[in-house]
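First comes the structure, then the notes that go with it.
The values are calculated or read from the model by the stated rules, or taken from the named source; none is laboratory data. Source: prediction; values computed, not measured. All Cβ positions, even for glycine, are placed from backbone atoms using ideal geometry, and neighbour counts span all protein chains on display.
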Amino acid sequence: MTASAQTLDRLDPRVVRYIDAGAGSGSTVTDNVAAWNRWKLRPRVLRDVSDVQTATEVFGIPLAAPVFAAPWAGHSLVHDEGEVATARGLRAAGLGFGVSSGASTPLDAVGAESGPYLQQLYLPEDRDLVRGFLARTVAAGAAAIALTVDHPAVGNGYGFRAGLAGLPYRPSPNFDGVDQRLLGTARTLGPADIAWLAGAAGIPVLVKGVVRGDDALVALDAGAAGIIVSNHGGRQLDGSITTAEALPEVVGAVAGRVPVLVDGGIRRGEDVIRALALGAAAVLVGRPFAWALANGGSAGVQALADDLVAGTRIAMAMVGASRLDHLTPDLLRWES
């Protein structure tokens, strides 16, 4: 989903740039979307697809299809109810919610609408600044923490940075008065922080922002309970490898030890099944849900979520897969 003309007219142009723009020329944003279509589908035929099942569970979060809304900060920038509206729409459709540490509404209110959710987090130089936040997100129902590791600096995203820098600072309701501008990713972030965070939160930690197999193994050896293949939606490094290209290497390195999730450029059911066929346990969808919220609030989010569930089910039937474990790499061929 993209923003309607009416929505674009209503929103502050800085918010539009914040949501849509990427690093540098924006090539990674567009490449992420295009790369999924380079995995050409090789459908099976003469298979019984009269009862296609898409439901699953990831880290104890029940899903009507293996799809989460990806975390992004500040839903109240586009809708008055903020993350609460997003949570309500997702839960009605049975999809998962990845909540940003920059959520603009209280986590207890979000969790009351979403049920168990995935909590994204940056670790700052002073790790103790997030202890209160961790207690709050666990109490609100977070099932796991997604530690973002690909943000050692703000990327050279002129449109993105212009939008972000121009927006007024709004104190977070979830950090006990801590100035959230102090909470960027520590440049000293390392493998030991994974175990520290798991101990401090008491719930599983996924490492988000991995595009290499060797990095995935470092994260696993440090105690990661899952990996999220991500290039930050193209917002950090212009020219990054796409997640559609990176996913097979990471899945191969992980070798089934923990779930692997993926985001970046996923727009429709065909993209979802491509990711699952490559070994992902679930996908995360970002910008489309931002615009769905802006266009229609919780009803808009639910409509997009329903479309993704239905689109995944139809795409599975079309490739001859009635169960998620029928989605295997032989259904795909990379077109260079």
Would you please list the contacts, defined by Cβ atoms under 9 Å and residues six or more apart or on different chains, that run from a residue in the range 63-91 that is under 27 Å from L276 (Cα atoms) to a residue that is surrounded by fewer than 24 Cβ atoms within 10 Å (Cβ to Cβ) and of a type in the set (K, R)?
-> A65/R313; A70/R287; W72/R287
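With modelled with pLDDT of 95 or more, hydrophobic (A, V, I, L, M, F, W, C) and more than 23 Å from R47 (Cβ to Cβ) as the only criterion, which of A310, A315, A321, A294 stands out?
Answer to the check: A294.
Listed here are the residues, each with its yes/no results for (1) of a type outside the set (S, T, N, Q); (2) out of contact with any Pro (no Cβ under 9 Å at 6 or more places or on another chain); (3) surrounded by fewer than 22 Cβ atoms within 10 Å (Cβ to Cβ).
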residue	(1), (2), (3)
G234	yes, yes, no
G239	yes, yes, yes
A255	yes, yes, yes
V272	yes, no, no
A294	yes, yes, no
G320	yes, no, yes
Could you grab the pairs with beta carbons closer than 6 Å, sequence gap of 6+ or different chains, first residue in the range 309-323 and within 11 Å of V272 (Cβ to Cβ), second one among the charged types (D, E, K, R) and at pLDDT 95 or above?
-> G311/R268; A315/E270
Answer with yes or no whether R47 is surrounded by 15 or more Cβ atoms within 10 Å (Cβ to Cβ) and of a type in the set (D, E, K, R).
-> no
Spot the failing condition for L11; the list is (1) among the aliphatic types (A, V, I, L, M); (2) at pLDDT 95 or above; (3) touching a helix residue (DSSP H, G or I) at 6+ places or on another chain (Cβ under 9 Å), and only one is missed.
-> (2)
Counting only residues that are of a type outside the set (G, A, S), part of a helix (DSSP H, G or I) and under 30 Å from A317 (Cβ atoms), how many does the range 14-47 have?
-> 7
Condition check for L217: crowded, with 21+ Cβ neighbours inside 10 Å and out of contact with any Phe, Trp or Tyr (no Cβ under 7 Å at 6 or more places or on another chain) | no
Would a scan of the range 65-83 turn up a residue that is surrounded by fewer than 19 Cβ atoms within 10 Å (Cβ to Cβ), more than 19 Å from the chain's Cα centre (by Cα), among the hydroxyl-bearing types (S, T, Y) and more than 24 Å from L206 (Cα to Cα)?
-> no
Under 6 Å by Cβ, and 6 or more places apart or on different chains, what pairs join a residue from the range 103-131 that is within 12 Å of E83 (Cβ to Cβ) and surrounded by fewer than 17 Cβ atoms within 10 Å (Cβ to Cβ) with one that is charged (D, E, K, R) and modelled with pLDDT under 95?
-> none
